[in-house]
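Heads up: the structure comes next, in structure tokens.
The values are calculated or read from the model by the stated rules, or taken from the named source; none is laboratory data. This is a predicted model, so every value here is computed, not measured. In this analysis, Cβ positions are derived from the backbone assuming ideal geometry, glycine residues included, and neighbour counts consider all displayed protein chains. The area values use the complete protein model at the heavy-atom level, side chains included, leaving out ligands, DNA and RNA. Shrake-Rupley method; radii C 1.70, N 1.55, O 1.52, S 1.80 Å.
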2 protein chains.
Amino acid sequence: MNLFYAPNCSAGECTLGEEESKHALKVLRLAIGDSIQVTDGKGKCYKAAIASLDSKCCKVDLLNALPTPARRLWSLHIAIAPTKNNSRLEWFLEKACEIGVDSITPILCEHSERRKIKTERLEKILLGAMKQSQQYYLPVLNPLMSFDEFLSVTGADASTTYMASYKDGNKELVDACQPGQHTTVMIGPEGDFSEAEKERAKLNGIVAVNLGQTRLRTETAGIVAAHTFAMINKIR
Amino acid sequence: MNLFYAPNCSAGECTLGEEESKHALKVLRLAIGDSIQVTDGKGKCYKAAIASLDSKCCKVDLLNALPTPARRLWSLHIAIAPTKNNSRLEWFLEKACEIGVDSITPILCEHSERRKIKTERLEKILLGAMKQSQQYYLPVLNPLMSFDEFLSVTGADASTTYMASYKDGNKELVDACQPGQHTTVMIGPEGDFSEAEKERAKLNGIVAVNLGQTRLRTETAGIVAAHTFAMINKIR
């Protein structure tokens, strides 16, 4: 079943945005009356039917609400330095969404080479991944912020924050964190966090952890963190 | 430390292949006397120094052998259908190598759209990922084979074979498999294995498993299988 996204849909009729309308008409070549599903990306999903078709504005009748999947009792926030090669960050977003992540904050670190991101494109990737993996919750992409700004806000949501750091004699993430918790994991850029950044994080009560025995690329570290978390909440 | 690959190196002197020589001279701009490390991709690694430089043939003195890391007591073989979009398969290879995999077999399935692979390019990606993640074991890339050929050979190495299948009421991989074992996981193409393939696998004693609650793309399923395995062998 084709899944569409309409952030403000509720019972009755709803209008798909331009991108979604184009996708329905031009890519999937749907016709009036065809069955689809529409989610608001916040857990709600409806069985729906195409009511009118236009490449810029497609109207759908929301027929009945599907059961909202129970929200997980834990949440994962990944703060990650944008990779030098843009496509690596995009891959991370797609895979983390497929595997399971609640929010993502791109952070600028001392060793960051890329200092700009294409927010709109990244949001599209998250949306595509949510729909492709048939989920009804869209991960939140927060605005880019500096390492220090991030330090000043993390933990405010009562989550525990970990910093991934390769082989620093620290515990492995899987051993450090517990199931059922709200957790934030910080992933550094190519070239890692600087020593000064590690020090400042420590002063802020952030726990340094490693992600295993091999040296992982930034985007792989992000995916491994997401999946470690899924496993911890599955196994323990 | 820069890690180089020379499959037949042993104590004394050794010559790097053309690609590795070019990398030393043109990319890293190394000079005679510079320290490097050289691995044979089978667990051996040497501290070494550049003895002579030529973009086609760089000679190195192998100074002393580093301790060979203990081979894991388990092994993981992933049989995966090449993805329609070539870069997705390449991405899987890079990430699986970083996370940990011993061998990979591309398999042609009924629903496979891509029926050819670029073996040389894929081997280069594995090599790059091994070096980047500072490992001394190079995963083996087996030749492309058909689903049925694969069924006829899998398990001959006394490994247990699982088939990843989305939501078939099967156990999850993490619950089905045990630590410390030789395991093979089969990952299907976009569009999944066909019903007939699933049936033939079952007749061959292959256990169908799922990889969690969300629908994963082929390459994500491969990465998740590799990391699930690493976790099982870490936690249990």
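Of the residues in the range B:159-166, not one is in contact with a helix residue (DSSP H, G or I) (Cβ under 7 Å, 6 or more places away or on another chain), open to solvent by 50 Å² or more (accessible area, probe 1.4 Å) and not assigned by TED's automatic domain parsing to the domain that holds B:Gln37.
Could you grab me the full set of residues in the range B:199-236 that are open to solvent by 10 Å² or more (accessible area, probe 1.4 Å) and either of a type in the set (Asp, Glu) or more than 14 Å from chain A (Cβ to nearest Cβ) (or both)? Within the range B:199-236, B:Glu199, B:Arg200, B:Lys202, B:Leu203, B:Asn204, B:Gly205, B:Ile206, B:Val207, B:Ala208 qualify.
When each of B:Ala51, B:Ala79 is tested for being assigned by TED's automatic domain parsing to the domain that holds B:Met163 and at pLDDT 95 or above, the lone residue that passes is B:Ala79. Of the helices (runs of 4 or more DSSP H) entirely within the range B:126-236, those holding at least 3 residues that are at pLDDT below 90 occupy B:218-235. The set of residues from the range A:164-208 being closer than 15 Å to A:Val224 by Cα and touching a Lys or Arg at 6+ places or on another chain (Cβ under 7 Å) comprises A:Ser165, A:Tyr166, A:Val174. When B:Ala49, B:Ala81, B:Ala11, B:Ala31 are screened for being open to solvent by less than 10 Å² (accessible area, probe 1.4 Å) and touching a Leu at 6+ places or on another chain (Cβ under 8 Å), only B:Ala81 passes.
Quick check: anything in the range B:178-193 facing chain A (nearest Cβ under 10 Å) and open to solvent by 60 Å² or more (accessible area, probe 1.4 Å)? No: the range B:178-193 contains no residue that is facing chain A (nearest Cβ under 10 Å) and open to solvent by 60 Å² or more (accessible area, probe 1.4 Å).
One residue stands out among those in the range B:119-140 that are within 19 Å of B:Arg72 (Cβ to Cβ) and surrounded by fewer than 18 Cβ atoms within 10 Å (Cβ to Cβ): the one that is farthest from the other protein chains (Cβ to nearest Cβ), which is B:Val140. Applying a threshold of 7 Å to beta carbon distances and a minimum spacing of six or more residues, or different chains, the list of pairs starting in the range A:211-236 at a residue that is within 14 Å of A:Asp175 (Cα to Cα) and ending at one that is among the aromatic types (Phe, Trp, Tyr) and modelled with pLDDT under 90 reads A:Asn233/A:Trp74.
Is it the case that the range A:60-74 has a residue that's surrounded by 20 or more Cβ atoms within 10 Å (Cβ to Cβ), more than 22 Å from the chain's Cα centre (by Cα), among the hydrophobic types (A, V, I, L, M, F, W, C) and at pLDDT 95 or above? Yes. Inside the range B:94-118, residues that are touching a residue at least 40 places away in the same chain (Cβ under 8 Å), touching a strand residue (DSSP E or B) at 6+ places or on another chain (Cβ under 8 Å) and either within 14 Å of another protein chain (Cβ to nearest Cβ) or not β-branched (Val, Ile, Thr) (or both) make up a count of 3. For A:Glu90, state whether it is surrounded by fewer than 22 Cβ atoms within 10 Å (Cβ to Cβ), at pLDDT below 95 and in contact with a helix residue (DSSP H, G or I) (Cβ under 8 Å, 6 or more places away or on another chain). No. If you check B:Ala196 against the conditions, is it open to solvent by 10 Å² or more (accessible area, probe 1.4 Å) and in the same structural domain as B:Ser103 (by TED's automatic domain parsing)? Taking the combined requirement at face value, the residue satisfies it.
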